[in-house]
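This report refers to the structure that appears directly beneath it.
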Amino acid sequence: MTNTRRTFVAAAATAASARRILGANDRVNLVVIGVGGRGTAHVRSYTSLKQDCNVMGICDVNQAARERASALVVSQGGSKPKEYPDMKDVFADKDVDAVSMATPNHWHALGTIWACQAKKDVYVEKPASHNIWEADRMVDAARKYERMVQVGTQSRSMPHIGEAAQLLKDGVIGEVYMAKGLCFKRRVSIGRKPDIATPPGIDWDKFLGPAPMRAFNENRFKYNWHWFWDTGNGDLGNQGVHQMDVALWGMGINELPKAVTSSGGKYVYDDDQETPNTQLASFDYGRREIVFEVRGLVTGGEGSGEKGVKVGNLYYGADGYMVLDGSGYKIYKGEKTELFKEGKAGPGEDAPHMKNFLDAVRSRKRESLNAEIAIGITSAKLCHLANISYRLKRRLEVRDGAFVDDAQANAMLTRNYRAPYAVPANV
């Protein structure tokens with residue numbers, strides 16, 4: 001164990017021994033870690049839940065982002081929060097009960113594990129992990145340190161999607177043989193940008209963390225990090241992981257497939273992006289399958305209606321099909337595919353999912369979490385499986401969480417971590 005690691009573990013243990021014991025009506029002291037676009041949305045949602053939590057801190061490697069988020073907390077009626085440039089300082093703070101991780105994907109696992117070791121509960125953004133191996137280490141940490149860990153696949157807290165999943169389970173369209181996820185979200189070209197000196201106020205080393213050291217580039221920072229394999233997982237692991245999770249939920253699946261095939265490419269654009277803007281994946285579950293499609297270019301939708309669904313799910317069964325998205329669901333049955341039933345979405349998106357997390361932080365009932373880590377990692381793993389197949393350009397057989405007789409593919413289950421930011425094998 002390195003000296004840095006020993007110091008952090010000792011500090012975390014000290015913080016854990018002094019942590020507060022929350023009552024059923026106590027407000028949770030929470031720090032938002034990573035306050036770019038998604039983290040700013042976290043701040044807005046948590047400050048709307050004033051009866052449940054106190055946003056006591058803001059953590060980000062970007063000083064300007066910290067200052068903006070702190071000002072937002074105050075503008076929403078909260079007290080000026082502490083500002084932390086390093087998440088380790090958050091974990092060592094005895095006053096912190098829980099953290100909400102809205103960092104780039106490559107930080108999700110290590111940040112969650114460190115938080116669990118410090119006895120902090122965690123809300124972690126989707127996808128749960130950046131690769132398959134580290135996803136299981138997150139579950140290990142949640143269990144070992146008895147932490148509440150909720151994944152930010154907030155569809156699990158949307159009543160109309162839960163109702164649709166129950167209808168499918170009850171056989172509303174007969175035996176469901178296929179679920180299709182759609183991520184037809186328009187993405188414009190990011191162009192090309194040169195490497196430059198790191199701007200003042202940004203800790204680039206901590207931003208990269210587990211990823212390889214590279215020169216600062218605006219295209220690898222702020223949102224566009226999604227489109228580079230070092231830090232992101234493409235739109236399949238960005239927007240698409242939400243619909244992947246809903247596909248699994250509707251099919252009643254929480255395990256990996258027998259095989260995966262994925263193809264596509266980065267079409268039309270000549271820019272810095274590494275991940276595909278067009279991708280098709282198929283997951284073989286024997287008598288049924290999940291199909292997923294990403295289209296970032298101009299496209300129409302699929303399913304019912306004049307334009308069809310662009311971001312949502314389709315389920316096909318022996319007796320009909322269901323179209324499901326953020327606005328509601330429609331069920332069509334019979335040879336003439338006539339409308340049988342429809343349901344509308346209610347208000348709210350992030351806040352109900354975050355309230356579900358905060359309630360579990362107080363109750364200590366892991367089973368009450370709508371997207372507990374053991375559930376949330378499966379949709380992430382499917383995205384990772386598909387991306388590995390895409391990058392290797394071949395069908396891959398899957399057994400016991402690994403690829404069958406394929407050393408090259410198995411090497412991609414994890415990554416080479418940059419010291420001192422390695423995800424530990426033994427949490």
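Can you work out which of the residues in region 24-39 that are in contact with a helix residue (DSSP H, G or I) (Cβ under 7 Å, 6 or more places away or on another chain) and surrounded by fewer than 17 Cβ atoms within 10 Å (Cβ to Cβ) is nearest to W107 (Cα to Cα)?
Filtering first and then ranking leaves D26.
I'd like the full set of residues that are buried (at least 16 other Cβ atoms within 10 Å of the Cβ) and among the charged types (D, E, K, R), limited to region 392-406.
D406
Please tell me if D319 is crowded, with 20+ Cβ neighbours inside 10 Å, over 30 Å from G111 (Cα atoms) and among the acidic types (D, E).
Judged against the criteria, D319 is not a match.
Which numbered condition in (1) closer than 29 Å to D400 by Cα; (2) surrounded by 17 or more Cβ atoms within 10 Å (Cβ to Cβ); (3) touching a helix residue (DSSP H, G or I) at 6+ places or on another chain (Cβ under 9 Å) is the only one that E289 fails?
Here E289 meets the rest and fails (3).
From the list M158, M138, pick out the single residue that is under 20 Å from the mean Cα position of the chain (by Cα), modelled with pLDDT of 95 or more and more than 24 Å from H384 (Cβ to Cβ).
M158
Taking the stated definitions as given, is P424 loosely packed, with under 13 Cβ neighbours inside 10 Å and part of a loop (DSSP other than H, G, I, E, B)?
No, not satisfied.
Results for (1) among the hydrophobic types (A, V, I, L, M, F, W, C); (2) not assigned by TED's automatic domain parsing to the domain that holds S304, shown as yes or no for each residue.
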{"residue": "G334", "(1), (2)": "no, no"}
{"residue": "T337", "(1), (2)": "no, no"}
{"residue": "M354", "(1), (2)": "yes, yes"}
{"residue": "K365", "(1), (2)": "no, yes"}
{"residue": "L369", "(1), (2)": "yes, yes"}
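Out of region 144-155, which residues are assigned to a strand (DSSP E or B) and either aliphatic (A, V, I, L, M) or under 16 Å from G240 (Cβ atoms) (or both)?
Passing the criteria: V149, V151.
Is it fair to say D230 is assigned to a loop (DSSP other than H, G, I, E, B), touching a Pro at 6+ places or on another chain (Cβ under 7 Å) and of a type outside the set (F, W, Y)?
It is true that D230 is assigned to a loop (DSSP other than H, G, I, E, B), touching a Pro at 6+ places or on another chain (Cβ under 7 Å) and of a type outside the set (F, W, Y).
Does L248 qualify as being in a loop (DSSP other than H, G, I, E, B), of a type in the set (A, V, I, L, M), in contact (Cβ under 8 Å) with a residue 40 or more places away in the chain and closer than 30 Å to L314 by Cβ?
So L248 does not fit the description; no.
Evaluate the following for A409: is it among the hydrophobic types (A, V, I, L, M, F, W, C), surrounded by fewer than 22 Cβ atoms within 10 Å (Cβ to Cβ), out of contact with any Asp or Glu (no Cβ under 8 Å at 6 or more places or on another chain) and assigned to a helix (DSSP H, G or I)?
Spelling it out, A409 is indeed among the hydrophobic types (A, V, I, L, M, F, W, C), surrounded by fewer than 22 Cβ atoms within 10 Å (Cβ to Cβ), out of contact with any Asp or Glu (no Cβ under 8 Å at 6 or more places or on another chain) and assigned to a helix (DSSP H, G or I).
Only one of Q51, Q117 is polar (S, T, N, Q), more than 24 Å from D235 (Cβ to Cβ) and surrounded by fewer than 20 Cβ atoms within 10 Å (Cβ to Cβ). Can you tell me which?
On inspection, the qualifying residue turns out to be Q51.
Which condition breaks for V260 when tested against (1) among the aliphatic types (A, V, I, L, M); (2) farther than 30 Å from M322 by Cβ; (3) buried (at least 19 other Cβ atoms within 10 Å of the Cβ)?
Of everything listed in (1) among the aliphatic types (A, V, I, L, M); (2) farther than 30 Å from M322 by Cβ; (3) buried (at least 19 other Cβ atoms within 10 Å of the Cβ), V260 misses just condition (2).
Just to be sure, is I202 in contact with a strand residue (DSSP E or B) (Cβ under 6 Å, 6 or more places away or on another chain), within 16 Å of K222 (Cβ to Cβ) and in contact (Cβ under 8 Å) with a residue 40 or more places away in the chain?
yes
May I ask you to verify whether V294 is hydrophobic (A, V, I, L, M, F, W, C), crowded, with 21+ Cβ neighbours inside 10 Å and touching a residue at least 12 places away in the same chain (Cβ under 8 Å)?
Spelling it out, V294 is indeed hydrophobic (A, V, I, L, M, F, W, C), crowded, with 21+ Cβ neighbours inside 10 Å and touching a residue at least 12 places away in the same chain (Cβ under 8 Å).
The values are calculated or read from the model by the stated rules, or taken from the named source; none is laboratory data. All values reported here derive from a predicted model rather than from experimental measurement. Note that we place each Cβ from the backbone using ideal geometry, even for glycine, and neighbour counts take in every protein chain shown.
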